[in-house]
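The values are calculated or read from the model by the stated rules, or taken from the named source; none is laboratory data. Computed from a prediction, not measured in an experiment: that's the story for all the values here. Note: ideal-geometry Cβ built from the backbone for every residue, glycine included; neighbour counts use all protein chains shown.
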Amino acid sequence: MWSALIAVLVPLQSVLLPSVKIGGAMADLGLVVTCLTGVLGGELHGLLMGLVMGWVMSLFSVIDPVVAMGIKGVAGYVAGFAGRYLVALSPMIVAIGMGVLSCGAGLATALVLSLHDVQDGWWVLRVVVLPQAVLDALVGGVLYWGLASRYGIERWRGEYRIS
């Protein structure tokens with residue numbers, strides 16, 4: 001299942017989504033899926049999915065594979081930690097958390113990439129990082145809401161936490 005998800009998600013992210021930008025921002029489906037995997041599967045699943053998604057997605061972008069693996073791996077681990085130890089996760093809480101993780105990932109990526117003289121940190125934050133974080137939060141919140149309403153995720157998470 002994980003291999004199929006990665007095999008579908010990478011071409012979707014790299015081929016289809018660049019033509020579907022909202023306000024100049026494109027959702028990072030790799031980060032969204034990594035965070036949802038962490039929330040639903042725990043820290044280890046989130047970390048492993050983040051490492052794999054970071055490596056595979058770096059093959060189609062300009063970022064170093066180690067940096068991409070680190071950023072997405074940390075996001076998956078933090079989402080898994082939050083998913084395991086927070087009592088009630090509503091779609092709004094998941095969306096806010098995903099927005100914060102997306103901001104952190106975007107800022108880390110911006111710090112790693114060298115900026116031109118025209119582009120300073122505030123420009124990157126205002127034009128790139130915040131719109132992408134809002135879009136990631138919306139996509140992640142809607143996906144979690146759909147999964148929670150369709151499959152009864154809260155009941156499953158309660159049973160998963162006990163074991």
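Descriptive notes on the structure:
- From G83, G106, G41, residue being surrounded by 22 or more Cβ atoms within 10 Å (Cβ to Cβ) and farther than 22 Å from Q13 by Cα: G83
- Looking only at residues in the range 127-163 that are over 18 Å from the mean Cα position of the chain (by Cα) and among the polar types (S, T, N, Q), the one that is modelled with the lowest pLDDT is S163.
- Within the range 105-126, the set of residues being within 19 Å of P65 (Cβ to Cβ) and either in contact with a Leu (Cβ under 7 Å, 6 or more places away or on another chain) or at pLDDT 75 or above (or both) comprises A105, G106, A108, T109, A110, L111, V112.
- Check on G70, among the small types (G, A, S), in contact with a helix residue (DSSP H, G or I) (Cβ under 9 Å, 6 or more places away or on another chain) and closer than 23 Å to M1 by Cβ: no
Condition check ((1) in contact (Cβ under 8 Å) with a residue 60 or more places away in the chain; (2) surrounded by fewer than 20 Cβ atoms within 10 Å (Cβ to Cβ)) across all residues:
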| site | (1), (2) |
| --- | --- |
| M1 | no, yes |
| I22 | yes, yes |
| L47 | no, no |
| G50 | no, no |
| M53 | no, no |
| V66 | no, yes |
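- The condition of being in contact (Cβ under 8 Å) with a residue 40 or more places away in the chain, out of contact with any Leu (no Cβ under 7 Å at 6 or more places or on another chain) and surrounded by fewer than 17 Cβ atoms within 10 Å (Cβ to Cβ) holds for only one of M92, M98, that being M92.
- Test: L113 is surrounded by fewer than 22 Cβ atoms within 10 Å (Cβ to Cβ) and either farther than 17 Å from Y144 by Cα or in contact (Cβ under 8 Å) with a residue 24 or more places away in the chain (or both): yes
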